Structure formats: structure tokens, C-alpha cells
Amino acid sequence: MDVPLWFALLCVGVLGVKLIRPPWWLIAVLLLGGYLLADSLLSPVIDSAVK
């Protein structure tokens with residue numbers, strides 16, 4: 001069964017928010033920080049570390 005990555009991340013995120021109930025500002029900071037890191041000069045370093 002092939003599940004798209006965006007769908008798997010969405011399911012994990014929804015379950016995490018429902019079960020752990022982190023503050024919304026923490027979710028916003030993590031999403032914004034991840035978006036900014038993906039578009040920064042560090043993206044090749046992060047990409048090689050993930051692979």
C-alpha cells in the first residue's frame with residue numbers, strides 16, 4: 001500500500017495534536033521554523049543528513 005508522504009504527516013500531526021495537546025504557538029513555531037529551514041542555506045546540509 002502506497003501512502004503519500006503528505007497524508008502520512010497529516011495523520012501523524014492530527015493524532016499528535018489530539019493526544020499530546022501542545023500549545024498552538026508551539027505548533028506554529030515548528031511549522032514556520034521547518035518552512036524557513038527548508039528554504040535556507042542549511043537545506044543541503046539537512047537534505048544530506050536526512051538521506
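Pairing each residue of region 25-51 that is farther than 19 Å from W6 by Cα with any residue that is surrounded by fewer than 10 Cβ atoms within 10 Å (Cβ to Cβ) and of a type in the set (F, W, Y), provided the two are 6+ apart or on different chains, yields no C-beta distance under 9 Å. Residues in region 5-47 that are of a type in the set (S, T, Y), more than 12 Å from the chain's Cα centre (by Cα) and either open to solvent by 80 Å² or more (accessible area, probe 1.4 Å) or at pLDDT 90 or above (or both): none.
The values are calculated or read from the model by the stated rules, or taken from the named source; none is laboratory data. What you see is a predicted model; the values in this text were computed from it and never measured. Neighbour counts are summed over all protein chains in view; Cβ atoms, including those assigned to glycine, are modelled from backbone coordinates with ideal geometry. Accessible surface areas use protein heavy atoms only, side chains included; no ligands, DNA or RNA. Shrake-Rupley method; radii C 1.70, N 1.55, O 1.52, S 1.80 Å.
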